[in-house]
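Here, each number is a calculation from the coordinates, and none is a lab measurement. What you see is a predicted model; the values in this text were computed from it and never measured. When we count neighbours, we look across all protein chains shown, and the Cβ atoms used for this are built from the backbone with ideal geometry, even at glycine.
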């Protein structure tokens with residue numbers, strides 16, 4: 001099984017422009033999807049519009065997603081997607097701190113052999129278009145949460161039950177599916193899909209929906225008809 005490779009701290013400083021993530025799926029001999037890692041993503045600006053090319057690519061991916069009804073939630077638990085915030089790239093830092101370090105401006109780190117534990121930073125929140133000062137600690141850390149853009153419960157009900165534990169662990173820790181965002185706003189989203197929840201910041205909805213489409217396409221997940229129509233409506237405004 002291939003390993004993911006998140007960018008090192010020095011490499012992330014050299015990334016000057018957003019990178020569109022794509023994890024390539026291949027078919028296994030038994031017909032189940034397999035996965036292979038690709039370049040991680042840098043979050044788009046909360047206000048930058050999508051290019052016509054990116055919008056067309058999202059529309060093409062959306063057209064390729066299967067449309068089915070939502071499967072029962074039976075059997076779902078967070079543990080079905082592996083231990084929370086697994087260090088999938090084996091860089092010595094858990095996924096949550098990797099995403100905080102990626103998404104926060106001027107992050108500071110706890111002293112130690114590795115710069116892993118993010119202590120402070122400033123988030124330009126894509127969901128609310130506000131700036132949030134993050135301080136690690138009891139009662140303060142929850143101001144910034146890491147959102148699964150495609151909620152794991154939603155994924156479970158739309159194909160993830162059929163994936164292997166390794167594939168589900170990859171999905172739960174995939175940088176393309178993770179964003180540091182405003183905590184209360186993330187809580188209000190819960191496990192909603194595009195038909196039931198979109199970011200309050202309308203300027204980010206195109207990028208948000210495009211991320212969901214990419215993740216669902218990558219992992220062979222499907223959409224409901226209502227979800228498909230909501231995504232199509234958003235892309236029509238991009």
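Things to note:
- Full extension of the chain between residue 67 and residue 120 gives 14.9 nm of extra length, using 0.36 nm per residue less the Cα-Cα distance.
- Three-way shape label, region 82-192, alpha-carbon gyration tensor, a/c 1.5: oblate
- Centre separation in Å (Cα based) which lies between region 109-167 and region 168-189: 6 Å
- Placing a label point 7 Å from the Cα of residue 129 along the Cα-to-Cβ line, the residues of region 157-201 whose backbone N sits under 11 Å from it are 200-201.
- Each residue, residue 226 and residue 165, gets one label point 7 Å from its Cα in the Cβ direction; the gap between the two is 3.4 nm.
- Measuring r between the beta carbons of residue 140 and residue 195 and using R0 = 35 Å, the FRET efficiency lands at 0.55.
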